[in-house]
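Heads up: the structure comes next, in C-alpha cells.
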Amino acid sequence: MKRKSTFNSVMKTLILIIVVAIMGTGMIKGSKFYQNVDRNFFSFFSMMKYGLIDYPIETASGFMTDVATMWDVRYENDLLRHELENAAHWQTRVKALEEEISQLKAQNELKSVYTELVQINGTVKYHSSESWDSTITIDIGAADGVSVGDGVIAPQGVIGRVKHVSENQSEVSILTANDDNSKVSVRIETAPGEYVQGILDSYNHETNLFSINLLETNSSISPDMVVSTAGIGGVYPAGLLIGNVHSQRNIADGIGVVVYVKSNVDFDDLRFISVVKRP
C-alpha cells in the first residue's frame, strides 16, 4: 500500500513538473528576450551558412561564367580582327571586279548586267491596320524615280515590290501578302558558286516561314543555306537576300521538294527601306 502511495506521489510530481515546464516554455517563448535570442541565433546560423557554403558556391559559379564569357568574347574579337584584316583585301578585290565588269560591258556593248541595281532610300510612312500583312506606304514616289513593279528591300532582306506610285509616295505589296506580287524567282546556294533555282510561293503566318517550290530534287538542301533572288523575271536583281533555309519536305508524289525559308526581316516593324531598280 505504501509502495502504491509512493508511486502516485512520484507520478503527480512528474506531471506537475511537465505542466510547469510547458507553461514556462510558453511564457519564455512569448518573451522579447527569447524572441531576440531566437532571431539572433538563426541570423547567425544563416550568416554562417551563407559565408561558408552559399557565397563560395556563388563566387565559383560566377567565376566560371565570367571565364566562359571572356573566352567567347575573345573568340568573337579574334574573328572580327580577322575580318578587319581582310577588309582591305576585299575592297581591292571588289574594285578589281568592278573594273572587269566595266571592261566586259564595253567589250560586249552591254548597258548593264543582271546583278547591277540602282538603290533609292526611303522610310515606311504608313502601315495600314486593315491590310497589315499585305501593304505598306513609303515616303518616296515618282519624283524620286520609283516605278510600279520595282523591288523593295529592308536592311535584312527583300520585303516586296511597288504596287502603286504617286508623286511623293508609293504603296508596296509585301511578300507576306500571298498574292501574285509575292512570287519571286529565287536560288539556294548549295555550295560556293553553285545554286538551285526555285520559286518563292507563299508565306505561313503561323510558322513565319516562306515556302519555295523546287523542281530539281537531286541537290542536297541543308538548314542555314542562303536564299537570294535569282535575277529572273525583271523585278529583282540577282543576289538580294531572302533568308536562310529552315527545313524541307518532299512532295508526296515525289516530283519535287518544298523548302521552308526563314527571313531575317521583321515584317511587323518595317522602318527603313530601299527601292531597287534594274539600270
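Probe 1.4 Å, all protein chains in place: accessible area of Lys277 in Å², nearest 10?
Result for Lys277: roughly 40 Å² accessible.
About its Cα centre, what dipole magnitude does the range 134-223 give when the only charges are +1 on Lys and Arg Cβ and -1 on Asp and Glu Cβ, stated in debye to the nearest 20? Spell out each step's value before the answer.
Numbers: 4 positive and 12 negative charges, 24 e Å.
Around 120 debye, computed over the range 134-223.
Please compute the modelled spin-label separation between Leu16 and Gln107, points set 7 Å along Cα→Cβ, answer in nm with one decimal.
Distance between the two pseudo-spin positions: 12.4 nm.
What residues have an amide H closer than 5 Å to that of Val152, excluding those fewer than 5 places away on the same chain, when H is modeled at 1.01 Å from N in the peptide plane?
The list, which skips near neighbours in sequence, is Ile159, Gly160, Arg161, Val162, Val276.
With every protein chain left in place, what is the accessible area of Leu175 in Å² (1.4 Å probe, nearest 10)?
Approximately 0 Å² for this residue.
With a 1.4 Å probe and all protein chains kept in place, how much accessible area does Glu100 have, in Å² rounded to the nearest 10?
About 90 Å², rounded to the nearest 10.
Mind listing the long-range amide H neighbours of Ile199? Cut-off is under 5 Å, sequence gap 5 or more, other chains count too, H placed in the peptide plane at 1.01 Å from N.
Result for Ile199 returns Val186, Asn213.
Can you list residues whose amide H is under 5 Å from Leu240's amide H, if they're 5+ apart or on another chain and H is modeled 1.01 Å from N?
Amide H to amide H, under 5 Å and 5 or more residues apart or across chains, Leu240 pairs with Thr229.
Could you order Ser102, Ser211 by accessible surface area, starting with the largest, using a probe radius of 1.4 Å? Provide the component values of the computation, followed by the final result.
Working: Ser102 70, Ser211 15 Å².
Output order, biggest surface exposure first: Ser102, Ser211.
Please list the three semi-axes, largest first and in whole Å, of the ellipsoid equivalent to the range 126-230, using sqrt of 5 times the eigenvalues of its alpha carbon gyration tensor. All intermediate terms of the calculation are to be shown ahead of the outcome.
Numbers: eigenvalues 170, 49, 23 Å².
Calculated on Cα positions only, the semi-axes equal 29, 16, 11 Å.
Which links in Lys125/Lys163; Lys183/Lys277; Lys95/Lys125 stretch past 27 Å when you go from one Cα to the other? Before the final figure, lay out each step's value.
Working: Lys125/Lys163 15 Å; Lys183/Lys277 18 Å; Lys95/Lys125 36 Å.
Table pairs above 27 Å Cα-Cα are Lys95/Lys125.
The values are calculated or read from the model by the stated rules, or taken from the named source; none is laboratory data. Not measured: the values here are computed from a predicted model. Every residue, glycine as well, gets a Cβ built from its backbone with ideal geometry; the counts of neighbours run over all protein chains shown. All accessible areas refer to the heavy atoms of the entire protein, side chains included, with ligands and DNA or RNA removed. Shrake-Rupley method; radii C 1.70, N 1.55, O 1.52, S 1.80 Å.
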